[in-house]
Amino acid sequence: MDAELKSLRIDRGQPSRRSRGKAGWIVAAVALVLLLGGWYVFSDKLDASPVVDVERVHSVSAASAPEGVVLNASGYIVAAHRIEVAAKVIGKVKWIGVEKGDRVQEGQVIVRLEDDEYQAQLQQAKGQLANLDAKLAEAMHGSRPEEVAQAQANLDSAKADMSDAKLSIDRALKLRQEGLTPQQSVDDAQTRYDGAVHRVNSLRKTFELVKLGPRQEEIDSLRGQVEQAKGALAFAETTLANTIIRAPVTGTILEREVEKGEFVTTSFVGDRGAKGYVVSLADLNDLEVELDIAQNDFAKLHAGQHGTITTDAFPDRKYDGFIKEISPEANRQKATVQIKVKVSKPDDFLRPEMNASVAFLSDAKQAAESSAAAAPVVMVPAAAVRDNAVFVLLDGKAVRKPVKVGATSSGSVRIEQGLIGGEDLIADPPADLKDGAKVRRKA
């Protein structure tokens, strides 16, 4: 058996039919792949049609066309008139009726202060005025009939006493002449008579004064005191009214500074303690964009010049504005001039202190925006225009179309004539592109 096993051999000289068939399929597949690859490579070389970038042309209104921008600047939205509402009197906050962000109407009560002491001052002023009014009325009406009658009675009584004194002195003189009475009796009678005469004269003048009434000067003095008391009363009423703080304008509360129980003052205010104002508010329908313009660019702008306003928060929303204020002096350190652009029609999307950008327009652009019937225009990339012409893709061919160009801005050019919108424009045609040449759209 060992000899038989050693005699066994495998014949490797002739391949089997199955192996030959499998090798043939592999060779055919490789040849097919090479053939297709070569066809793809050589077909691109045989087809000389250039590949171009194509974009659809859109027409826009003249008011929204971005041409004519002479300067772009960034700044912040500010309230045209920010008001810090302060109290005119000192006092403790009794009630506050607004929160931050509330809208208030002109004259609306926003804060009340404690008013007990101001009520007392008002009552005191009313009493003083009433007292002086009564005195003036008394002076104006003069003496009462009873007072005149009393003065007359006093005068008549004095006259009677004077007559009696006259009789006494006459009797004393007669008795003295007869030697029946001493000289002392005569002197006493004379003294009594003289006193009666003086009393009659005094009461007569008093009677005349009572009939005449107060002097005109006294009445004028009382009138002056009454006017002074009226002024004190008006001041007390005004002071009391000032404990009620009202909104000076219609607007929105930007900041609430005080709370109930805090003290409000009209004098010096420190970091702690009494507050100098109660709220700050502004009319958010009156907004401006505050910009610092470099002095090198300042000559491009003028008062009343219009611009398009955008914000970082809402870049898709655009607002019209115009230069309302130009600072009369420049900033030496920044080498800038501050201007303020009024927002023509602000809405609820705008907030004070927002970042904002303004694209200032040329006068031609401004005229286009002010025209109610501005015709649509076409804006195309500046690279698409070659020698006052553009190429459009039509049936796989580049067709040259002459155009009339207008102003350029930010890489775009305005087409006045030649395009109407909707065309497939070759955005950046090759320099050697010919009219009617075959081109392929970039995938």
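The values are calculated or read from the model by the stated rules, or taken from the named source; none is laboratory data. These numbers come from a predicted model, not from an experiment. So basically every Cβ, Gly included, is an ideal-geometry build from the backbone, and we count neighbours across all protein chains shown.
Sort out which residues of segment 133-158 are farther than 18 Å from Arg215 by Cβ and either crowded, with 17+ Cβ neighbours inside 10 Å or not charged (D, E, K, R) (or both), and write them in order of number.
We begin by selecting, within segment 133-158, every residue farther than 18 Å from Arg215 by Cβ; these are 133-134, 145-146, 149-150, 152-158.
Of everything in segment 133-158, those that are farther than 18 Å from Arg215 by Cβ and either crowded, with 17+ Cβ neighbours inside 10 Å or not charged (D, E, K, R) (or both) turn out to be Ala134, Pro145, Ala149, Gln150, Gln152, Ala153, Asn154, Leu155, Ser157, Ala158.
Within segment 394-427, track down each residue that is assigned to a loop (DSSP other than H, G, I, E, B) and either among the hydroxyl-bearing types (Ser, Thr, Tyr) or closer than 11 Å to Pro50 by Cβ (or both).
The one that is assigned to a loop (DSSP other than H, G, I, E, B) and either among the hydroxyl-bearing types (Ser, Thr, Tyr) or closer than 11 Å to Pro50 by Cβ (or both): Ser410.
Working carefully through the options Ala229, Ala274, Ala247, find the one that is small (Gly, Ala, Ser), surrounded by 15 or more Cβ atoms within 10 Å (Cβ to Cβ), touching a residue at least 40 places away in the same chain (Cβ under 8 Å) and touching a Gly at 6+ places or on another chain (Cβ under 8 Å).
Ala247
Tell me, yes or no, whether segment 362-373 has at least one residue that is farther than 30 Å from Arg103 by Cβ, part of a loop (DSSP other than H, G, I, E, B) and modelled with pLDDT of 85 or more.
No, the conditions are met nowhere in segment 362-373.
Give all pairs with beta carbons closer than 7 Å in which a residue from segment 78-97 that is farther than 10 Å from Glu114 by Cβ and surrounded by fewer than 17 Cβ atoms within 10 Å (Cβ to Cβ) meets a residue that is modelled with pLDDT of 90 or more and of a type in the set (S, T, N, Q); count only pairs at least 6 apart in sequence or on separate chains.
Going by the 7 Å Cβ cut-off, the qualifying pairs are Arg82/Ser280; Glu84/Ser280; Lys88/Asn242.
Tell me the residue from Phe391, Phe322 that is at pLDDT 90 or above, surrounded by 14 or more Cβ atoms within 10 Å (Cβ to Cβ), in the same structural domain as Arg56 (by TED's automatic domain parsing) and in a strand (DSSP E or B), please.
Of the residues listed, the single one that is at pLDDT 90 or above, surrounded by 14 or more Cβ atoms within 10 Å (Cβ to Cβ), in the same structural domain as Arg56 (by TED's automatic domain parsing) and in a strand (DSSP E or B) is Phe391.
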